[in-house]
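Asks: Before I ask anything, let me first share the structure, which is written out below as C-alpha cells.
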Amino acid sequence: DGVAPARGIKCSLCTKALKKIQALAGDDPDEAAVAAALQKGCRALGRVMGRLCQRLVKKYKSQITEGLQNGDMPRDICTALGICRS
C-alpha cells in the first residue's frame, strides 16, 4: 500500500505501544493515570521496542495524553502524530 517499511514499522510500534498504554491507563484516565501508563507501557514492550516507545512518548507526550483522555483509538492518535498514514 505504498508505505515505506520504516514508516510501517513505526506505525505498528506506535499503535502497539498506545494500545498497551491505553489498557494500562484504563477508561477515562486522568493525566496521572496516563503518565504512569506511559512509563509502564514502554517497559512492557521489551528493551529495543521500549526504547523506541520512550522516544515516541517523550516527543509526543501531550498529544498522546490528550488523545487517550479524549478516548481516541491508538491508530487515530498515531495517524494524528503523522506516524501512521490515514
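The values are calculated or read from the model by the stated rules, or taken from the named source; none is laboratory data. Predicted model only: the values in this text are computed from it and were never measured. Every residue, glycine as well, gets a Cβ built from its backbone with ideal geometry; the counts of neighbours run over all protein chains shown. Side chains are part of the model used for accessible areas, which takes the heavy atoms of the whole protein and leaves out ligands, DNA and RNA. Shrake-Rupley method; radii C 1.70, N 1.55, O 1.52, S 1.80 Å.
Asks: Between THR79, CYS42, GLY67, whose Cα lies farthest towards the positive end of the dipole of segment 11-81 when Lys and Arg beta carbons carry +1 and Asp and Glu beta carbons carry -1, centred on the Cα centre?
Replies: Result: CYS42.
Asks: What is the distance in Å between the Cα centres of segment 46-86 and segment 5-39?
Replies: Computed from Cα coordinates, the inter-centre distance equals 6 Å.
Asks: Right, next: For the chain, what is the largest minus smallest coordinate of the Cα atoms on each principal axis, given in angstrom and ordered from greatest to least?
Replies: In descending order, the Cα extents are 37, 27, 19 Å.
Asks: What FRET efficiency comes out for the pair LEU52/GLU31, r = Cβ-Cβ distance, R0 = 35 Å, nearest 0.05?
Replies: 0.90
Asks: Under a straight-distance cross-link criterion of Cα-Cα below 18 Å, which lysines are reachable from LYS40, leaving out those fewer than 8 residues away in the same chain?
Replies: Cα-Cα hits under 18 Å: LYS16, LYS19, LYS20, LYS58, LYS59, LYS61.
Asks: Give the accessible area for VAL57 in Å² (nearest 10); use a 1.4 Å probe, count only protein heavy atoms, and leave out ligands, DNA and RNA.
Replies: Roughly 10 Å² of VAL57 is accessible to a 1.4 Å probe.
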